[in-house]
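What follows is a single structure, and I will ask about it in a moment.
The values are calculated or read from the model by the stated rules, or taken from the named source; none is laboratory data. Source: prediction; values computed, not measured. Here the Cβ is made from the backbone with ideal geometry for all residues, glycine too, and neighbour counts use every protein chain on show. Just the protein is used for accessible areas: all its heavy atoms, side chains included, with ligands, DNA and RNA removed. Shrake-Rupley method; radii C 1.70, N 1.55, O 1.52, S 1.80 Å.
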Amino acid sequence: MNPTGQALVVGGSRGIGAAIASALATEGWPTTIAARDSAQLERCRLQAAERGLKLSTARVDVTSQESVERLFGELTPRGELGVCVMAAGRNLSRRLLRPPRDAAEEWSAHDVGEWRDMVDLSLTGTFLVGRAAALSMARTGTRGVLIPIVSSTWQGSWGQSAYTAAKAGVVSLTRSWALELGEFGIRAVAIAPGVVDGAALREKCARNPAHARYMERLRQQVPLRRFAAEQEVAAAAVHVAANQYLTGTVLEVAGGGFPPRIH
Ligand SMILES: NC(=O)c1ccc[n+]([C@@H]2O[C@H](COP(=O)([O-])OP(=O)(O)OC[C@H]3O[C@@H](n4cnc5c(N)ncnc54)[C@H](OP(=O)(O)O)[C@@H]3O)[C@@H](O)[C@H]2O)c1
């Protein structure tokens, strides 16, 4: 690959984002990882350094416009921006309604505060970062790419309506941005992983045998009968960064299909 400018991975201190940052740095991109927790950013930087990779770090909270603008202010002197990956996010398992478990209990409904937090983090966070990145690329005339990480469940999934609706919003942003920014040579491509077999999932399964059994049933429904490695999602991001004719689309990295049919 022939990197133009620098790469930024927001949500790059753990999991998928950290794997993408390593893969981009391996390809020669000067790469910055950004997230809220500076201790974790530093751990990630040191782990990469042990493998001979240089990552820069920066703090950001994507739910704050001020924080996102400060981040891009810090990046500007480091040169033009060629790749911006938006991986900050978390899952939320909530049903719209939960039936009473016994005669004494009432129906309970999805909390609106949790809904707003998810939309703030996933949808507004991606909007704020993508907007700042596009502005930076347009000002320097860089033919860069915006890469939001969504989920293969973006078309809807049982027990995850806030999460999947926010991700569907991000897919829509991606397509709209590709239409609007194409004339400036700026691309937008979403990557939609299925379940990723990362440290967080393995720890949760080790702590919670019921969750481990549930995940095993899910795994059996994936056509390839396994979850993705973080490096497989990272390889997709490297491909998106390199292929100058990819834009306005969702690249699914889900082993042949999701969402799951069980709950
Ligand atoms: N893991 C999966 O199976 C899977 C499947 C499909 C899609 N995805 C999507 O892939 C993305 C990464 O998932 P992951 O599992 O790798 O997550 P993860 O391991 O929990 O990492 C999340 C990253 O986002 C950062 N982050 C969280 N809130 C933030 C905020 N408000 N501002 C800035 N950074 C923030 C975290 O650092 P701090 O907490 O320090 O800020 C961390 O660097 C998410 O968007 C997720 O929805 C994951």
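Which value, in Å², gives the accessible area per residue of the chain when a 1.4 Å probe is used on the protein heavy atoms?
51 Å²
Oh, and also: To the nearest 10 square angstrom, how much accessible area does residue 186 have with a 1.4 angstrom probe?
About 0 Å², ignoring ligands and nucleic acids.
Please list, by residue number, every one of the trypsin sites (Lys or Arg not before Pro) in the stretch 67-100 that is coil in DSSP and has at most 16 other beta-carbon atoms within 10 Å.
90, 95
Going toward the positive end of the dipole of the stretch 30-98, with +1 on Lys and Arg Cβ and -1 on Asp and Glu Cβ, which of 83, 73, 40 do you reach last?
40
For 96, 181, give the ranking by accessible area with the largest first, probe 1.4 Å.
So the residues, ranked largest to smallest area, are 96, 181.
Let me ask another. Quick one: dipole size for the chain, taken about the Cα centre, charges +1 on Lys/Arg Cβ and -1 on Asp/Glu Cβ, in debye to the nearest 20.
In debye, rounded to 20, the chain gives about 560.
Continuing with the same structure: With runs of 4+ DSSP H residues as the only contributors, calculate the mean residue ellipticity of the chain at 222 nm using -39,500 (n - 2.57) per run, divided by the residue total and rounded to the nearest 500.
-14000 deg cm²/dmol
Connecting C-alpha atoms closer than 10 Å in a GNM of the chain, tell me which of 31, 63, 140 has the biggest fluctuation.
140
A further question on this structure: For the chain, would you read off the P(r) tail past 28 Å as a percentage of all alpha carbon pairs?
33 percent
From Cα pairs below 8 angstrom and at least 6 apart in sequence, can you work out the relative contact order of the stretch 190-263, rounded to a whole percent?
50 percent
While we're on this one: Leaving out ligands, DNA and RNA, what percent of the accessible area of the chain is carbon and sulfur, probe 1.4 Å?
Looking at the chain in its full context, I get 51 percent from C and S.
Given a Förster distance of 35 angstrom, what is the FRET efficiency for residue 4 paired with residue 50, based on the Cβ-Cβ distance and rounded to 0.05?
Efficiency at R0 = 35 Å is approximately 0.80.
Mind running the shape call on the stretch 1-77? Use the C-alpha gyration tensor, a ≥ b ≥ c as the square roots of the eigenvalues: rounded below 1.5 for a/c, prolate if a/b tops b/c, oblate otherwise.
oblate
To continue, here is another question. Using Cα atoms only, what is the angle between the long axis of helix 15-26 and the major principal axis of the chain, expressed in degrees (0 to 90) to the nearest 10?
Helix 15-26 and the main axis of the chain meet at about 20 degrees.
Could you check the simple spin-label distance between residue 42 and residue 109, using points 7 Å along Cα→Cβ, in nm with one decimal?
4.7 nm
Relative contact order, percent, of the chain when contacts are C-alpha pairs under 8 Å separated by at least 6 residues?
Across the chain, relative contact order equals 19 percent.
About the Cα centre of the stretch 150-208, what is the dipole size in debye to 20, counting +1 per Lys and Arg Cβ and -1 per Asp and Glu Cβ, all else neutral?
Charge dipole of the stretch 150-208: 220 debye, to the nearest 20.
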